[in-house]
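Some notes on the structure that comes next.
The values are calculated or read from the model by the stated rules, or taken from the named source; none is laboratory data. Note that the structure is predicted; figures quoted are calculated from it, not measured. Counting neighbours? That spans all protein chains shown, and the Cβs are built from the backbone with ideal geometry, glycine included. The protein model used for the area step is the full one, side chains on, heavy atoms only, and it has no ligands, DNA or RNA in it. Shrake-Rupley method; radii C 1.70, N 1.55, O 1.52, S 1.80 Å.
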Amino acid sequence: MRELEIAGLSKTYRSSGGAVVALDDISLNVRRGEIVSVLGLNGAGKTTLVKIIAGLIEPDKGHVRLDGMEDPTRSRYRKCIGAVFEGNRNIYWRLTTFENLEYFGVLRGLSLKRARERANQMVSLFQLDSKRSTVAAHLSRGMQQRLAVAISMVHEPELLVLDEPTLGVDIENVISLVASLKALSQAGVAIVVTSHQFDVVKMVADRIALIVAGRLVALESKAEFLASVNKGGYSMQVREPIDGARVDQLRALGVRFEEPWLHFPEQALYAVMDVIRPLPITSLNSIEDDLTKVFLERIKDHAHA
Amino acid sequence: MLSMFLVESKRQWLIFKRYPVESIAGVVIFTIIFIGLFAGSKYLAGAGVHFGNRLDLVIAGYILWLVTTGLFAGPGALLLEDTRLGIIEQLFVSPLNFAAFTAMRIFSGLVQHLLLIAILVVIISLITGSRLDYRWIEILPFAGVILATSGLGLATAAYALLAKQVSAILSIGQFVLLSLVVTPIQSFGVWGAWLSAITPINPAAQLLQHQLADGYSAGNGELMVALGNGVVYFLAGVYLLELASRRARRLASVGQF
């Protein structure tokens, strides 16, 4: 695959209660080996976007093109795509790990022999060896989700769409899933992932697409997105109250007080520490790393726009 | 599609093997219902009465009705089960056409379904002493019954895909199927034969009952009508499900309850 191209996508849901615009003229592209994370509040349109890419929803306007193939309902397009959808188990509960991989491999167009070969490979790749013959209903939520992602990859797709893949998954399985996604992206698979778990987004995303009320308001590299609000700097927490003299000195250094946090520019770090000494510092974070804060600020910008 | 047929058959067999109670319970319940009907009729008719080939006709009709109820309910029930499990989206993302895949599923479960019916036939024959007349030629009207019923089942699945509920149709459907199987529409005056020919399942079911119960030798025309009726309703069912799939994509309602 060279590129997934999304151009001018619009979708409105109509019912007797009125019309809701789910997507409004969304255009973006995803390159080979790239992970694009789609962020937005609930109801922003993330799932609609993912389902249009997967061919489950027909847009009112616009198109999705994968290497020149424009119709997501065509067999050729579908052979190139793998998907895991939010809130679904995406697996047969009464089949074992291996049987699920074999079944969905054939469902995705592999021959029975090839599906079995790939099922064996996926069991190893996703570290499911010990659960190979376990009925899926008896797997933990994290294992089930790992199996769902393994199933979505069994036919070697070039594009993977994942809607909240780590929802309800324990940290050990999240780390394992993140490692698998990174490995897939390095192998050239393009990945579109939605998530509300910003630590996961921070770990996997190359670029971030921010959707607000159906509109794409940002499509930036992760570094650009993080720097867009906080322009660098630090946040510090001190265990004891800071006296008035120190507060004045800190204000002069550009420190902003936001109980219980002190925020200040990057270049003021050591000067601030000199003023604070010997009060005990309980927390010191680079603001650049705070994706949640950036997300909320950016959402706020557009809510006020 | 052959590989898919094999893995789907394997899936259904594994589920039957791992959770046999659900399937076997059906055989037990339908046997008990028949024993109740049979014993009740005998009691009402009196001890000295012999039912003769009318009993064979009733048994043939009852068995065909059981064949049709399972096939009719299958596609819609499987579709709702897959929706509940969160599998349906995966089926839609597959390179296989959804309507063709659903139709294929009916046939992959057919052997299992017919095996359970065969057990029931043996039990009923032992209880009643009835012997039906089995001949190879009966495969044609039997195929007509299977195809026409599957077509109605696919049409019900099409409705289930859009309406997200199908239990009322499945309940009422059992009685509709019973009338389609046992009503001798062909004997309704001069237009009876035509009316039967265009009614789903009826020409094949009526012909088969007479073949099984009376040893009736059917002409080529009757066999063709029985099979043709099945093929037309089957294709209509596939087409309706295809239309419903397209509509579900437009309405963004695939998998949404």
* Structure fact -> With the 8 Å Cα cutoff and a minimum separation of six or more residues, chain B has a relative contact order in percent of 28 percent
* To do: Mind giving me the nanometre distance, one decimal, between the label points for residue A:12 and residue A:256, set 7 Å out from Cα along Cα→Cβ?
  => 3.9 nm
* Asked: For a paramagnetic label modelled at 7 Å from the Cα of residue A:206 toward its Cβ, which residues of the stretch A:163-184 fall within the zone defined by backbone nitrogen distances under 18 Å?
  -> A:178-184
* Determine the percent antiparallel among the DSSP beta bridges restricted to the stretch A:151-273, to the nearest 5. => 70 percent
* **Net length gained if the chain between residue A:175 and residue A:116 were fully extended (0.36 nm per residue, minus Cα distance)** => 18.6 nm
* Cα centre as origin, Lys/Arg/Asp/Glu Cβ charges: chain A dipole, Debye -> 1100 debye
* If the chain between residue B:111 and residue B:179 were fully stretched, how many nm would it gain, using 0.36 nm times the residue separation less the Cα-Cα distance? -> 22.0 nm
* Asked: Could you give the accessible area per residue of chain A, probe 1.4 Å, as a whole number in Å²?
  -> 44 Å²
* Structure fact -> SASA check, residue A:124, accessible area w/ 1.4 Å probe, all protein chains in place, rounded to nearest 10 Å², comes out at 70 Å²
* For the stretch B:159-170, Karplus couplings with θ = phi - 60° (6.51, -1.76, 1.60), whole Hz, Gly/Pro x -> 5, 4, 4, 8, 8, 6, 8, 8, 4, 4, 5, 5
* chain B: calculated mean residue ellipticity at 222 nm from DSSP helix runs of at least 4, using -39500 (n - 2.57) -> -27000 deg cm²/dmol
* For chain A, what relative contact order do you get, as a whole percent, if you take Cα pairs closer than 8 Å and at least 6 residues apart? -> 20 percent
* **residue A:3/residue B:216 FRET efficiency (R0 60 Å; Cβ-Cβ; nearest 0.05)** => 0.35
* Using only alpha carbon pairs under 8 Å that are at least six residues apart, calculate the relative contact order of the stretch A:1-153 and give it in whole percent. => 20 percent
* Taking 0.36 nm per residue of separation and subtracting the Cα-Cα distance, what length does fully extending residue A:247 through residue A:221 add? -> 5.7 nm
* Structure fact -> Ignoring ligands and nucleic acids, residue A:212 exposes an accessible area, probe 1.4 Å, in Å² to the nearest 10, of 30 Å²
* To do: Would you mind checking which residues have amide H under 5 Å from residue A:3's amide H? H placed 1.01 Å from N; only 5 or more apart, or other chain.
  => A:67
* With labels modelled as points extended 7 Å from the Cα through the Cβ direction, what inter-label distance (nm, one decimal) is found for residue A:296 paired with residue A:271? -> 2.8 nm
* Asked: Counting only other chains, what is the mean number of Cβ atoms within 10 angstrom of the Cβ of each residue in peptide B:93-100?
  -> 6
* To do: Rounded to the nearest 0.05, what FRET efficiency do residue A:27 and residue B:232 give with R0 = 56 Å and r taken as the Cβ-Cβ distance? Could you check?
  => 0.75
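Just checking the output field for A:77-86: average partner chain Cβ neighbours within 10 Å of each residue's Cβ? Walk me through the numbers before you get to the answer.
Details: counts 2, 5, 2, 1, 2, 2, 4, 3, 7, 2.
Counting Cβ atoms of other protein chains within 10 Å of each residue's Cβ and averaging gives 3.
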* **Set of lysines with alpha-carbon distance to residue A:11 below 18 Å, sequence-local pairs under 8 removed** => A:46, A:51, A:61
